[in-house]
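Let me begin by handing over the structure; questions about it come next.
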Amino acid sequence: MTDKAVTTDSIVPSETAPLLPAASVTTRDISNDIPRRQTPLPKVQLGIVLLVQICEPIMSQSIYPYVNQLIFDLGVSGGDPTRVGFYAGALQSLFFAVQALSVMQWGKASDRVGRKPILMIGLLGASLSMLSFGFSRSFLGLVVSRCICGALNGNVGVMKSVIGDLTDSTNRADAVSTLPMIWAFGATSGALIGGSLSYPVVQFPDVFRNKVWELYPHLLPCIVVAAVSMLAWIIIATFFHETVPSAWRLRFPFRKGPIQGNRESLSQLTALSGPRQDVSLKDLLTFPVLISSGNYVALALIDIFNLALLPLFCYSDVENGGLGLPPNSIGKVMAVYGISVGLLQFFFFSRVLRALGERTLFLCSISMFAVLYILYSLTSIVVRKFGFGIIVYVLVGVMLLTMAVADMAYSSFLPTSSERVFWNSRPFLYLYICSVFMFVTSSPPNKRVLGATFGLSQTAVSVIRAIGPATATSLFSLSLSHNILGGHFVYVVGLIMSVFSFGLGMQLPSKVWDEPSD
């Protein structure tokens, strides 16, 4: 037996067929102490999936540097800079709200028709929606474009299902260990694209002289992001192999082409072709999942709260409690944040984890959000009193570093026991996508509902993300317009949420719980 990816042509499903191929690296199943050999990763297929993963942060982060300026220039706020936050937050929240309504359906669809067509639909929808966003000249046009993007793009959940299809419990940690750097690279690239290429008439007057760029100042970054998504679409269409046997191909076996996946999933091909089994929400959720999910939801809320505040804080005038930065500078600030996250995760996370443990690291990291909101308020006071000088630069740098440390809370989400063997033997980098992905991957009762499970998980996160941006930016505007606590009311709310999240984190077990047996 070779170490290459397994196809349906080389597997005859039977009750005695082995579930794992032979390989050279041995790991150990914690639950029954039976040695298992590590399955080689399908690197080409996994690389293609990671390309889709890069597109997600590029698309989401690219609009942050210029969206506040764009809303003001379009006259949406009626010329009142303190009201920009209301509309910017609503625009961001609507995307996640629509995504929350659709992402689980895309997950279910991927279980039925396969992952590949859903990935392609998502990438195509992202490209078209970004172009529509670039050509929008009204707030309604911006809203419709973002809603289309949220409705058509279910890849955020489906691509995790693909990784689950391509891997098994022996090599899944290897696959997901790359996700933090991929996210950091995509977030940094998206921020730089949005900040550097928006308003090209102002930034590159000798090159972009056409009135089109003046009429649509945010079109250029949207074109670049759409082009990246279409490149990924072409690669998926050309080189990606389906990872699950779709209903169409099971009904029409004369259709040729490989179905690539791990042996654990492919050995269940006969069962997958049988009648569909509906699984209730109660069956999908266990007590450990509820505890981890509660912390994940709380963490997602305070994080998206901060992510919506950062560009608005950078954009707002000094007299309105901000830094008064232009879009290109905002893009650089957010790029530095993305780079800091990647470097901190890569060089320091594993050492800190070994020294503190998962639960302590999670609590220390989540406490950084409380420090962060204090720094927001302090920076606002300093820049108002002393102007934009070296002290402000230092404070902004400390803020970005604090955000990067706070993101370790995502990384320290508890893995299941079958992945703990990797955790103890190698310093893997876990961002929230990695750890929750690995936990959710082991939780569904069978492979048939893997996509639905990830869709359900992403739906909950999307609901929280739909609440967070509008809440944060609206409170920012409300604090300024009504001078509540001197304009610092929004930071007090963020501080209270951070304290609550810390208390919820205290409910996590001191040690990782064991994974339930099959």
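Residues of segment 122-145 being over 23 Å from the mean Cα position of the chain (by Cα), of a type in the set (A, V, I, L, M, F, W, C) and within 18 Å of Tyr64 (Cβ to Cβ), which ones?
Phe139
What residue, among those in segment 461-480 that are surrounded by fewer than 21 Cβ atoms within 10 Å (Cβ to Cβ) and of a type in the set (Ser, Thr, Tyr), is nearest to the chain's Cα centre (by Cα)?
The qualifying residue nearest to the chain's Cα centre (by Cα) is Thr471.
Can you pull out every residue in segment 23-51 that is more than 16 Å from Gly164 (Cβ to Cβ), part of a loop (DSSP other than H, G, I, E, B) and at pLDDT 75 or above?
Selection gives Pro40 alone.
Condition test on Ala470, is it among the small types (Gly, Ala, Ser), closer than 26 Å to Ala88 by Cβ and at pLDDT 85 or above?
Judged against the criteria, Ala470 is a match.
Here is a further query. Looking at Asn424, Asn483, which one is among the polar types (S, T, N, Q), surrounded by fewer than 18 Cβ atoms within 10 Å (Cβ to Cβ) and modelled with pLDDT under 80?
Asn424
Taking into account only those residues within segment 184-218 that are assigned to a loop (DSSP other than H, G, I, E, B) and without any contact (Cβ under 8 Å) to a residue 60 or more places away in the chain, which is surrounded by the fewest Cβ atoms within 10 Å (Cβ to Cβ)?
That would be Asp206.
Which residue pairs have Cβ atoms closer than 9 Å, lie 6 or more positions apart in sequence or on different chains, and pair a first residue in segment 373-393 that is farther than 13 Å from His488 by Cβ and part of a helix (DSSP H, G or I) with a second residue that is at pLDDT below 90 and open to solvent by 80 Å² or more (accessible area, probe 1.4 Å)?
Going by the 9 Å Cβ cut-off, the qualifying pairs are Val392/Phe386.
Which residue pairs have Cβ atoms closer than 6 Å, lie 6 or more positions apart in sequence or on different chains, and pair a first residue in segment 295-311 that is closer than 20 Å to Lys332 by Cα with a second residue that is hydroxyl-bearing (Ser, Thr, Tyr) and in a helix (DSSP H, G or I)?
Close Cβ pairs (under 6 Å, with a partner that is hydroxyl-bearing (Ser, Thr, Tyr) and in a helix (DSSP H, G or I)) amount to Ala308/Thr473; Pro311/Tyr64.
In segment 140-162, what residues are among the hydrophobic types (A, V, I, L, M, F, W, C) and open to solvent by less than 50 Å² (accessible area, probe 1.4 Å)?
Leu142, Val143, Cys147, Cys149, Ala151, Val156, Val158, Met159, Val162
Further question: So Val103 clears everything in (1) open to solvent by 10 Å² or more (accessible area, probe 1.4 Å); (2) under 18 Å from the mean Cα position of the chain (by Cα); (3) over 17 Å from Ile223 (Cβ atoms) except one condition, right? Which one?
The one condition Val103 does not meet is (1).
Hey, another quick one. Could you list, in sequence order, all residues of segment 77-96 that are touching a Ser or Thr at 6+ places or on another chain (Cβ under 9 Å), open to solvent by 30 Å² or more (accessible area, probe 1.4 Å) and either at pLDDT below 85 or over 16 Å from Val463 (Cβ atoms) (or both)?
Asp80, Pro81, Arg83, Phe86, Tyr87
Restrict the check to segment 112-128 and report whether at least one residue is open to solvent by less than 30 Å² (accessible area, probe 1.4 Å), assigned to a helix (DSSP H, G or I) and closer than 18 Å to Gly194 by Cβ.
Yes, there is a match, as at least one residue in segment 112-128 is open to solvent by less than 30 Å² (accessible area, probe 1.4 Å), assigned to a helix (DSSP H, G or I) and closer than 18 Å to Gly194 by Cβ.
In addition: Across segment 294-314, what is the total count of residues that are within 12 Å of Leu372 (Cα to Cα) and open to solvent by 10 Å² or more (accessible area, probe 1.4 Å)?
2
The values are calculated or read from the model by the stated rules, or taken from the named source; none is laboratory data. Every value quoted in this text rests on a predicted model; they were computed, and no experiment measured them. Neighbour counts are summed over all protein chains in view; Cβ atoms, including those assigned to glycine, are modelled from backbone coordinates with ideal geometry. Note: accessible area is taken over every heavy atom of the protein model, side chains too, but ligands, DNA and RNA are not part of it. Shrake-Rupley method; radii C 1.70, N 1.55, O 1.52, S 1.80 Å.
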